[in-house]
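The values are calculated or read from the model by the stated rules, or taken from the named source; none is laboratory data. Every value quoted in this text rests on a predicted model; they were computed, and no experiment measured them. Glycine also receives a Cβ, built like all others from the backbone with ideal geometry; neighbour counts cover every protein chain displayed.
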Amino acid sequence: MRLAVYLPLILPLTALPVARLASDHLHPRTATRLLTAVAVVLAACSTLCLALLMVVGTAQVPGNPLPDGWADPEVRDEVPLVRVSGSIAIAGLLVVLVAAAVVLRRAARVRRDALKAIDGLPDDGGVAVLPDAEPYAFALPGRRPRVVVSTGMLACLDARERRALIAHERAHLARRHDRVLLLVRLAAASQPLLRPLRTAISYTVERWADEEAAEAVGDRRTTAHAVGKAALATRRPARPGLPAFAAPASGSTPGQVPRRVAALLGPTPDTAWPAPRSRTGLAAIVAAAGTTVSVVSALNATVALFVILKAATAL
Amino acid sequence: MTDRRRRGSGSGPRTPRRGPGELEAAVLGLLWASDAPATATWVQQRIGDDLAYSTVVTIMSRLYDKGLLTRSRHGRSYAYQPVSDEAGLAARRMRQVLDREDDRAAVLASFVSDLSDEDERTLRELLRREARDPEDGRGG
């Protein structure tokens, strides 16, 4: 297996250029799908290799339940630097598992509580209007997917902008953006190098929904105004005791909203793939190559370790 | 407030003055009794007191601003409906969920994320430029 087992741990770096370029130069739908696929595969390979290292690393820990043969010099020689990396991998995998569990539990809890909050409201065409002066709107997936919007949010938009807002949230529900976001949140939790991809995707899904909303209402400017006005209305002074509210959400780059508005005021994005020679095209090729190498390395390492351990156990 | 009182007493001298909030309560009561969403005209005809149409509209939009009424387009005006206890309760529960999540955008696909000061300036500039030169921004 040799060094191949380490490659997937650093290959996520190859996805960074495309994460930076795709959100501005590709159609948001294309960008979302490309970046999500890359993030999920890279995270899976990285975690797999961490698990392989952990297996070899654990075998040297006294009192481990693994076969003694797995700690043989023959096995350890197969993985360079395993004495150090094995121990790090144990801690690393533990961190990954805890981080993933936190992401999943939090997503489940928020969704459950939000669904419980609107339980019993009449299903008004898939939109739940809540009487609250504070402006907010979001998509709530579930068995009965709903757009949740406060009267405060509706009050700051005109009729056409409201249609754009509802269309935007419906696009999130129809395209299952919640799943995309959950996947990339898990990916970023398991491999910190993928965090820029999570940030990029949290932007591209909003852009995707913006584009669908613009198409639904037939007017890009109305949609741009809806986003801009809603963001300005949502702006609130820091609340004492709740400093996190005032800070930009950590899942989003500063400047997300202005970029969305600017994009909507510009022309409809091209759905074509980038030309291979453009910077975005090159970045996409680098990411695809990195992902491929990552998959091959991870599989190679898995097979190699399987063979070695089988031989060691038989001894 | 002063507007409403002046109009209320001016148009019907024999009507005793209403205390603040009394008209709101009367409007809410009417809407509660109505099965369907009601317009300001409908309310004006039933509330008595010879209230001016604009007064009724003012009261109803104030109730709407407070989140006590919801409204929908009805021709050229709005039809209003009282917010049910159910909806009010749902809103309070939802606010608890949202307030607990310091990073709600990370969990729920929110329509807009928070703005930094810099974002706000950029955004206002964008919208201002676009308002000045609307054709410039028109895309396909």
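So, of the residues in the range A:291-310 that are farther than 17 Å from A:T47 by Cα and either free of Cβ contacts under 8 Å to residues at least 60 places away in the same chain or among the aromatic types (F, W, Y) (or both), which turns out to be surrounded by the fewest Cβ atoms within 10 Å (Cβ to Cβ)? Of everything passing the filter in the range A:291-310, A:K310 is surrounded by the fewest Cβ atoms within 10 Å (Cβ to Cβ).
Looking at A:A108, A:A114, A:A91, just one residue is surrounded by 14 or more Cβ atoms within 10 Å (Cβ to Cβ) and modelled with pLDDT of 85 or more, and that residue is A:A114. Within the range A:222-237, the residues that satisfy the criterion of being surrounded by 22 or more Cβ atoms within 10 Å (Cβ to Cβ) and either within 9 Å of chain B (Cβ to nearest Cβ) or in contact with a His (Cβ under 6 Å, 6 or more places away or on another chain) (or both) are A:A224, A:H225, A:A226, A:V227, A:G228, A:A230, A:A231. Restricting the first residue to the range B:60-85 and requiring it to be over 15 Å from B:L30 (Cβ atoms), which pairs with a second residue that is among the polar types (S, T, N, Q) and part of a helix (DSSP H, G or I) meet a Cβ separation below 6 Å and a spacing of at least six or different chains? Qualifying pairs under 6 Å: B:G67/A:T151. Quick check on the range B:45-58. Is at least one of its residues within 14 Å of another protein chain (Cβ to nearest Cβ), of a type in the set (A, V, I, L, M, F, W, C) and closer than 25 Å to A:G152 by Cβ? Scanning the range B:45-58 turns up no residue that is within 14 Å of another protein chain (Cβ to nearest Cβ), of a type in the set (A, V, I, L, M, F, W, C) and closer than 25 Å to A:G152 by Cβ. Checked against (1) within 12 Å of chain B (Cβ to nearest Cβ); (2) under 17 Å from A:A137 (Cβ atoms); (3) more than 16 Å from the chain's Cα centre (by Cα); (4) modelled with pLDDT of 95 or more, A:E212 passes all but a single condition, namely (1).
A Cβ distance below 6 Å, combined with a sequence gap of six or more or placement on separate chains, defines the contacts here; from the range B:93-116, residues that are buried (at least 23 other Cβ atoms within 10 Å of the Cβ) reach residues that are at pLDDT below 75 and polar (S, T, N, Q) in the pairs B:S113/A:S252.
When we screen A:T253, A:T234, A:T223, A:T271 for residues that are modelled with pLDDT under 90 and within 19 Å of A:I166 (Cα to Cα), the only hit is A:T234.
With respect to (1) more than 11 Å from chain B (Cβ to nearest Cβ); (2) crowded, with 20+ Cβ neighbours inside 10 Å, the lone exception for A:V149 is condition (1). Within the range B:63-117, the set of residues being assigned to a helix (DSSP H, G or I), among the small types (G, A, S) and either assigned by TED's automatic domain parsing to the domain that holds B:W32 or modelled with pLDDT of 80 or more (or both) comprises B:A87, B:G88, B:A90, B:A91. If we keep just the residues of the range A:90-134 that are over 21 Å from the mean Cα position of the chain (by Cα) and either under 30 Å from A:L52 (Cβ atoms) or aromatic (F, W, Y) (or both), which is farthest from the other protein chains (Cβ to nearest Cβ)? Among residues in the range A:90-134 that are over 21 Å from the mean Cα position of the chain (by Cα) and either under 30 Å from A:L52 (Cβ atoms) or aromatic (F, W, Y) (or both), the one farthest from the other protein chains (Cβ to nearest Cβ) is A:I90. For A:V84, the requirement of being in a helix (DSSP H, G or I) and touching a residue at least 60 places away in the same chain (Cβ under 8 Å) is not met. Here the range A:176-198 is the region considered, the condition is being over 14 Å from A:R146 (Cβ atoms) and facing chain B (nearest Cβ under 10 Å), and the residue that is surrounded by the fewest Cβ atoms within 10 Å (Cβ to Cβ) is A:L182.
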